[in-house]
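Novice: Next up is a structure, given as structure tokens.
The values are calculated or read from the model by the stated rules, or taken from the named source; none is laboratory data. All values derive from a computational prediction rather than experimental measurement. Ideal geometry is used to build each Cβ from the backbone, glycine not excepted, and the neighbour counts take in all protein chains shown. Side chains are part of the model used for accessible areas, which takes the heavy atoms of the whole protein and leaves out ligands, DNA and RNA. Shrake-Rupley method; radii C 1.70, N 1.55, O 1.52, S 1.80 Å.
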Amino acid sequence: MSETDDMTETYEVIVIGGGAAGLSAALVLGRSRRRTLVVDAGEPRNAPSAHMQGYLSRDGMAPGEFLRIGREEIARYGVELVRDRAVDVSKDEDFTVVLAGGRSLRARRLVIATGLKDELPEVPGLAGRFGRDALHCPYCHGWEVRDQAFGVLATSPLSVHQALIVSQWSKDVTLFLHEVDESELTGDDLRRLAAAGVETVPGAVAEVLVEDDRLTGVRLADGSVHHRQVLFVAPRAVPRTDLLQRLGAELTETPFGAYPVVDPTGLTSVPGVWAAGNAMGFAEQVVNAAAGGYRAGATINGELLMTDLDAQP
């Protein structure tokens, strides 16, 4: 693998973000003989998780191992990787990317695969359990904790949907409304929760309880304790869109933050800039992110080829 601070400045494509989406795009581009650089700040969203699930042939693999193999694979095709953070980007004829370490790089095309970060509710004890027995995605972790006593910490009325979904993996589910008022639940919410056998508990959660390095329940602000083995929570998603905004990319508001407007290949409203993975949407799991990176990489290669052919006299 090439991880060097002594690389030349001009590339055909710079991929910003070294997760599944960025590495997948880089793999396609490297195999297409495109001079490609990956800028990786080393902050994968799934770092707290011991395993990733639902990726065919890689089910149960540790996220760090998955990325390590991906970095080895792109290196086989001459793709370079630098451990740094892109702090600025601008466009004239080509793109200029400025790294935190001071280097200024140029590229004809960009892939933005900077992902998002999860902001958890400020409940004591929660952050230390996140990715272990405080979870956000039942498709990622539900099988591993099936049939245990689940709690769902409501962060918005949308948490009703989360409670209903996780009832597929356990018939012992309690929805802690936390800062959501009971009046915010619709008639359909109440009917579905009852049909799924989900108990609803009003009142703010004051603390996540842990004993012998295991989550054992939650304590409410009124002092009552509810014993649970697993706590599902929907973090606040904060898309890392700073670079896209600097380029003037059009964003669209969603219940999970503002994401770039893209076409089916990930092309943003800025010509020459693609987004992939969680940089383009909240719900992109690892397998989706890798697929999106593949589409972006293949599209960029074809677009560069046609651009160069059309420029011939």
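Novice: Starting from a Cα-only point model with no solvent, please compute log10 I(q)/I(0) by Debye for the range 30-113 at q = 0.16, 0.19 1/Å.
Specialist: The calculated log intensity ratios at q = 0.16, 0.19 Å⁻¹ are -0.76, -0.97.
Novice: Report P(r) for the chain: all Cα-Cα distances, bin width 20 Å, range 0 to the bin holding the largest distance, values in whole percent.
Specialist: Pair shares across the bins are 31, 49, 19, 1.
Novice: On to the next question. How much length would be gained if the chain were fully extended between Ala194 and His161, taking 0.36 nm per residue of separation minus their Cα-Cα distance, in nm to one decimal?
Specialist: Separation in residues times 0.36 nm, less the Cα-Cα distance, equals 10.6 nm.
Novice: Please work out the FRET efficiency for the pair Glu9 and Glu43, using the Cβ-Cβ distance as r and a Förster radius of 22 Å; give the result to the nearest 0.05.
Specialist: On the way: r = 25 Å, r/R0 = 1.11.
Between Glu9 and Glu43 the formula returns 0.35.
Novice: Same structure again: For a test of the definition: using alpha carbon positions, the gyration tensor, and the 1.5 limit on a/c, classify the range 181-229 as rounded, prolate or oblate. Numbers along the way, then the final one.
Specialist: Numbers: a/c = 3.76, a/b = 1.86, b/c = 2.02.
Because a/c hits 1.5 or more and a/b fails to exceed b/c, the range 181-229 counts as oblate.
Novice: Given bins 5 angstrom wide, list per bin the percent of all Cα-Cα distances in the range 101-168, short to long.
Specialist: 3, 11, 19, 20, 14, 6, 5, 8, 8, 4, 1
Novice: Of Leu105, Leu120, Ala163, which is farthest on the positive side of the dipole of the chain, counting Cα position, with +1 on Lys and Arg Cβ, -1 on Asp and Glu Cβ, and the Cα centre as origin?
Specialist: Leu105
Novice: From largest accessible area down, sort Arg219, Arg33, Arg246, Arg108; use a 1.4 Å probe on the protein chains.
Specialist: Details: Arg219 85, Arg33 215, Arg246 140, Arg108 60 Å².
Largest accessible area first, the residues go Arg33, Arg246, Arg219, Arg108.
Novice: Multiply the residue separation of Thr254 and Phe282 by 0.36 nm, subtract the distance between their alpha-carbon atoms, and state the gained length in nm to one decimal. Provide the component values of the computation, followed by the final result.
Specialist: Values: separation 28, 0.36 × 28 = 10.08 nm, distance 0.92 nm.
Stretched out fully, the Thr254 to Phe282 stretch lengthens by 9.2 nm.
Novice: Same structure again: Give me the tail of P(r) for the range 209-280 as a percent: Cα-Cα pairs with distance above 20 Å.
Specialist: Cα-Cα pairs in the range 209-280 separated by more than 20 Å: 51 percent.
Novice: Further question: For the pair Glu65/Lys117, report the inter-label distance in nm, with labels modelled 7 Å from Cα in the Cβ direction.
Specialist: For the pair Glu65/Lys117, the computed spacing is 2.9 nm.
Novice: Distance between Cα centroids, the range 32-74 to the range 186-212: provide it in whole Å.
Specialist: That distance is 35 Å.
Novice: Per residue, what accessible area does the chain have, given a 1.4 Å probe and all protein chains present, in Å²?
Specialist: On the way: 15130 Å² over 313 residues.
I get 48 Å² per residue for the chain.
Novice: Leaving ligands, DNA and RNA out of it, report the carbon-plus-sulfur percent of the accessible area of the chain at a 1.4 Å probe. Don't skip to the answer; put the middle values down first.
Specialist: Numbers: 7550 of 15130 Å².
C and S fraction of accessible area: 50 percent.
Novice: Over the Cα atoms of the range 182-313, each weighted equally, I'd like the Debye log10 I(q)/I(0) at q = 0.10 Å⁻¹, rounded to two decimals.
Specialist: Values returned for q = 0.10 Å⁻¹ are -0.59.
Novice: Further, regarding this structure: Please compute the alpha carbon radius of gyration of the range 80-231, then divide it by the globular-protein estimate 2.2 N^0.38 Å. Two decimals is fine.
Specialist: Numbers: Rg = 21.1 Å, N = 152, 2.2 N^0.38 = 14.8 Å.
Ratio of Rg to 2.2 N^0.38 Å for the range 80-231: 1.42.
Novice: Name the residues whose placed amide hydrogens come within less than 5 Å of the amide hydrogen of Val210, ignoring near sequence neighbours (fewer than 5 apart) on the same chain.
Specialist: Under 5 Å from the amide H of Val210 lie the amide H atoms of Thr216, each far enough along the sequence or on another chain.
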